[in-house]
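Novice: To start, I am sharing the structure in question, which I have written as structure tokens.
The values are calculated or read from the model by the stated rules, or taken from the named source; none is laboratory data. Quantities reported herein were computed from a predicted structural model and do not represent experimental measurements. Glycine gets a Cβ as well: all are built from the backbone with ideal geometry, and neighbour counts include every protein chain shown. Just so you know, the surface numbers come from the protein's heavy atoms only, side chains and all, with ligands and any DNA or RNA stripped out. Shrake-Rupley method; radii C 1.70, N 1.55, O 1.52, S 1.80 Å.
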Amino acid sequence: INGRTRCQGFERAWIDQFENAPIGGGLAKCNPIAYWTLEDTFDYIAKYKVPAHPLHAKGYPSIGDAKDTIPIPEDGSTRFVDFKFEGDKTPWLDYASERKGRFVGLANKDGSTKTECGIHVAGAEETFDRDLW
């Protein structure tokens, strides 16, 4: 079970709520909020008073690892505090912008821009030697 959504970018645009394990093995995935937008997520947090991650109050729309994640925009002017947005929420809510602050400056082994941590890449269930860095 994970929090991937279609609005997180073209790599995830076609995910479904349930993904069967491939024939021959692999991971079956449940994406219960696949059809939500980031705004839907924050609306839910506000409506039901779900505790939000404290880094949302510091300008981080998406939380990755400490060394390669930056606020969006970088000055931290957009924040989610006390169940409401402060500042212009557009930089967070535009399509695929939620994850713009993730994996900054990192590349995959093949030189392409890193967009996934390694948990959701093909073959992740087979090895701990993932393309994480």
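Novice: Has the stretch 43-54 got at least one residue that is open to solvent by less than 30 Å² (accessible area, probe 1.4 Å), hydrophobic (A, V, I, L, M, F, W, C) and either touching a Cys at 6+ places or on another chain (Cβ under 8 Å) or more than 20 Å from Glu116 (Cβ to Cβ) (or both)?
Specialist: yes
Novice: Can you tell me how many residues in the stretch 86-118 are crowded, with 18+ Cβ neighbours inside 10 Å and in contact (Cβ under 8 Å) with a residue 60 or more places away in the chain?
Specialist: Of the residues in the stretch 86-118, 4 are crowded, with 18+ Cβ neighbours inside 10 Å and in contact (Cβ under 8 Å) with a residue 60 or more places away in the chain.
Novice: Looking at the stretch 25-47, I want the residues that are in contact (Cβ under 8 Å) with a residue 60 or more places away in the chain and have a partner that is open to solvent by 70 Å² or more (accessible area, probe 1.4 Å) with Cβ atoms under 6 Å, at least 6 apart or on another chain. Which pairs are those?
Specialist: Listed pairs, sorted by first residue: Gly26/Glu125; Leu27/Glu125.
Novice: Okay, moving on. Find all pairs meeting these conditions: Cβ atoms under 6 angstrom apart; at least six residues apart or on different chains; first residue within the stretch 57-68 and part of a loop (DSSP other than H, G, I, E, B); second residue among the charged types (D, E, K, R).
Specialist: Gly59/Arg79; Pro61/Glu98; Ser62/Glu98; Ser62/Arg99; Ser62/Arg102; Gly64/Arg102
Novice: Within the stretch 1-35, work out how many residues are open to solvent by 60 Å² or more (accessible area, probe 1.4 Å) and under 12 Å from the mean Cα position of the chain (by Cα).
Specialist: Here the count works out to 2.
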